Amino acid sequence: MAFKGAPDSVALILFFVFWYAGNMKYNEYNTAALNAVGGKTSGLTMTVATMQLGVCAVYAMIMWAIKLNPAKLFGLQAPAKQSMPNVTQADLIKSMKLAFCAAGAHAATVFALGGDPLFGQIVKAAEPVLAAIVGTVFYNKAPTFYKVCCLPIIVGGVAFASLKKGGDGSYSLKFDVTALVFGMLANAFAAFKGGENSKLMADKGIAERYGGVGNQFAVTQILGFIILLPIMYATEGAKLPFFFDKLKTDSSLQFNLVMSGLAFFIYNELATYTLKVTGAVTASVANTAKRVIVMVYMAAVTGKELTDEQKMGSGIAITGVLLYALIDDLLKSKKKTKAA
């Protein structure tokens with residue numbers, strides 16, 4: 001009899017746990033890798049981001065070589081079979097826009113978290129704002145009126161988190177510019193990524209040739225790595241000899257670079273496993289809770305406490321995100337109750 005492993009209900013709980021844990025550890029490993037090369041002023045942030053996708057690319061090719069995806073082991077289930085997708089050259093060309101957006105979102109996030117891991121997470125909470133703008137302008141997918149009403153709450157929360165109280169009791173704007181600029185850039189790239197992903201997978205032929213979201217994600221990371229390589233050489237090429245010399249001898253850099261790449265790939269896969277079998281409301285709550293947990297964890301890891309303004313601002317912003325995700329469903333259920 002073939003090994004079936006844990007029941008799906010147990011596996012789902014474990015996928016949730018390891019999705020959260022993987023995201024937390026990614027943030028920790030990413031911060032450690034950046035610190036190992038000299039931090040945000042080292043001029044090697046793009047190199048770290050690119051090499052993380054390089055680790056993802058190697059991991060994907062190993063999966064195809066052994067024809068197994070071990071991710072389900074985190075749910076105490078047998079590894080799933082995963083063969084190389086039968087995509088054509090034309091499919092890959094069509095996938096390039098999605099890969100570019102995914103690579104941009106990843107690189108910008110690494111810059112944002114390198115600037116300030118905590119404030120970067122707060123800025124990332126504003127993703128629905130950019131998603132609403134990009135969806136309306138470029139993909140003809142405008143949010144509902146009630147969702148639009150939630151956007152000022154998110155923006156207000158991020159703005160409040162940017163305030164700092166002076167010794168005289170007055171407030172002024174004080175924040176990490178890198179975290180703010182690249183956090184918003186990451187949000188923009190993520191919004192375009194969502195739109196391009198929907199367009200790509202609407203083509204049933206391409207979706208069938210990919211053979212599942214796992215393969216699509218793997219190919220996207222490989223293409224993203226290829227896209228970031230010339231950007232890395234153009235922007236940080238002069239410092240690459242230093243980076244590779246350090247990579248040969250610094251065990252901390254070796255470990256955290258590899259582990260951040262693996263954690264990034266695996267937690268995204270586990271997120272897919274959980275969100276595709278849960279309802280929209282559960283998915284929204286799970287995503288919101290994840291951001292809170294990651295912020296608390298990174299505060300503990302970095303030893304940097306959130307200011308009172310950051311605590312309140314992040315709470316307001318995250319509440320706005322949760323409302324944005326749930327408002328339509330909540331109002332629909334009320335209308336149905338009244339109609340009954």
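The values are calculated or read from the model by the stated rules, or taken from the named source; none is laboratory data. All values reported here derive from a predicted model rather than from experimental measurement. Don't worry about glycine lacking a Cβ; one is built from the backbone with ideal geometry, like all the others, and counts go over all protein chains shown. In case anyone asks, the SASA skips ligands and DNA or RNA and just uses the protein heavy atoms, side chains included. Shrake-Rupley method; radii C 1.70, N 1.55, O 1.52, S 1.80 Å.
Given points 7 Å out from each Cα along the Cα-Cβ axis, report the residue 96 to residue 144 separation in nanometres with one decimal.
It is 3.9 nm.
Along each principal axis of its Cα atoms, how long is the range 150-281 end to end? Whole angstroms, biggest number first, please.
63, 48, 26
Under the rule of at least 5 residues apart or a separate chain, name every residue whose amide H is placed under 5 Å from the amide H of residue 80.
69, 71, 72
List residues of the range 123-151, by number, whose backbone nitrogen lies under 19 Å from a label position 7 Å along Cα→C-beta of residue 159.
123-133, 147-151
Using only the alpha carbons of the chain, what is the convex hull's orientation-averaged projected area in square nanometres?
For the chain, the mean projected area of the Cα convex hull comes to 21.3 nm².
For the chain, what does the relative contact order come out to in percent, with C-alpha contacts under 8 Å and a separation of six or more?
Relative contact order here is 34 percent.
Could you compute how fast the range 14-169 diffuses translationally, taking Rh as the Kirkwood radius over C-alpha pairs and applying Stokes-Einstein at 37 °C with viscosity 0.692 mPa s? Give it in µm² per second.
Rounded, D is 172 µm²/s.
Under a GNM of the chain (C-alpha, springs under 10 Å), which listed residue has the highest mean-square fluctuation: 305, 196, 269?
The residue with the greatest mean-square fluctuation here is 305.
Cα-based count: Lys pairs in the range 82-241 below 22 Å, eight or more positions apart or different chains?
Qualifying lysine pairs in the range 82-241: 21.
Collect residues whose amide H, placed 1.01 Å from N in the peptide plane, falls under 5 Å from the amide H of residue 163; neighbours closer than 5 in sequence don't count.
174
Scan the chain and note any complete DSSP helix (H) whose C-alpha atoms cover at least 24 Å along its axis and whose Kyte-Doolittle average is 1.0 or more.
In the chain, the long hydrophobic H runs are 45-66, 145-161, 213-236, 280-302.
Post the alpha-carbon centroid distance, the range 61-106 to the range 215-248, in whole angstrom.
19 Å
For the range 174-258, which whole percent of the accessible surface, found with a 1.4 angstrom probe, sits on carbon and sulfur atoms?
67 percent
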